Amino acid sequence: MVREILKMGDPCLLRSAKAVVGFPSEAINVLIADMLDTMRAAGGVGLAAPQIGIDLQIIIFGFERSARYPDAPPVPCTILINPEIVPVGRDMEEDWEGCLSVPGLRGVVPRYKRIRYRGVTPAGERLEREVDGFHARVVQHECDHLRGVLYPMRVTDFSRFGFTETLFPEIVEN
Ligand code: NI
């Protein structure tokens, strides 16, 4: 079921999400199915549970091709519960980001270039990967949602922040 995506300004987006306990469970599976429906309906590349008002540490991300990020390489479709990130090295890189909770806007955000992340799948299996580039960026963005951080809070240069339709007229956001 497609749920409403909360927008920046909603205090629910500023909370620290709670760790999920007692899964696999039917309730968590239903929640994840709703998150997938909601992300796909919005054309997003990632979604965190707090964005639909659920105060739990669950993120989903991944796509083959994205109209919102036409130049981004594919990222495997992933569901991660209680995720953790460890930066690999100190190198940062800047790139444009948007967010379904901040519709119509894009900004340049510095992120760790390379990270290791781990978490648990809905089936209860541990997942660990080392990734870089856009994949690493998406995971850092989604994990930020679990700590009440939205990407505009990480923008350092507001000359590179603005409306998608003005900055990138070729990108159509639905
Ligand atoms: Ni977001």
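Annotations
- Within the range 14-46, the set of residues being over 23 Å from residue 69 (Cα atoms), assigned to a helix (DSSP H, G or I) and within 16 Å of the ligand (Cβ to nearest atom) comprises 14 only.
- Filtered residue count, the range 47-65, keeping only those that are assigned to a helix (DSSP H, G or I) and exposed (fewer than 14 other Cβ atoms within 10 Å of the Cβ): 0
- Residue count, the range 101-160 (criterion: more than 17 Å from residue 68 (Cβ to Cβ), in contact (Cβ under 8 Å) with a residue 24 or more places away in the chain and of a type in the set (Ser, Thr, Tyr)): 4
- Scan of the range 30-46 for residues that are under 12 Å from residue 63 (Cα atoms) and either in contact with a Gly (Cβ under 6 Å, 6 or more places away or on another chain) or buried (at least 20 other Cβ atoms within 10 Å of the Cβ) (or both), ordered by number: 39, 44, 45, 46
- When we screen 53, 43 for residues that are touching a residue at least 60 places away in the same chain (Cβ under 8 Å), more than 18 Å from residue 112 (Cβ to Cβ) and out of contact with any strand residue (DSSP E or B) (no Cβ under 8 Å at 6 or more places or on another chain), the only hit is 43.
- In the range 95-109, of all residues being part of a strand (DSSP E or B) and not aliphatic (A, V, I, L, M), the one that is surrounded by the fewest Cβ atoms within 10 Å (Cβ to Cβ) corresponds to 95.
- Looking only at the range 66-94, and only at residues there that are part of a strand (DSSP E or B) and among the β-branched types (Val, Ile, Thr), the one that is nearest to residue 17 (Cα to Cα): 81
- Every listed requirement among (1) crowded, with 18+ Cβ neighbours inside 10 Å; (2) touching a helix residue (DSSP H, G or I) at 6+ places or on another chain (Cβ under 7 Å) is met by residue 12 save one, (1).
- Reported count of residues in the range 150-164, each being within 16 Å of the ligand (Cβ to nearest atom) and farther than 14 Å from residue 109 by Cβ, is 1.
- Strands (runs of 3 or more DSSP E) lying entirely in the range 110-174 (those with 3 or more residues that are surrounded by 16 or more Cβ atoms within 10 Å (Cβ to Cβ)): 114-120
- Check on residue 167, among the aliphatic types (A, V, I, L, M) and within 16 Å of the ligand (Cβ to nearest atom): no
Since every read-out is calculated from the coordinates, none of them should be taken as a lab result. Predicted, not measured: the structure shown is a model, and the values here were computed from it. Every residue, glycine among them, receives a Cβ derived from its backbone with ideal geometry; neighbour counts consider all protein chains shown.
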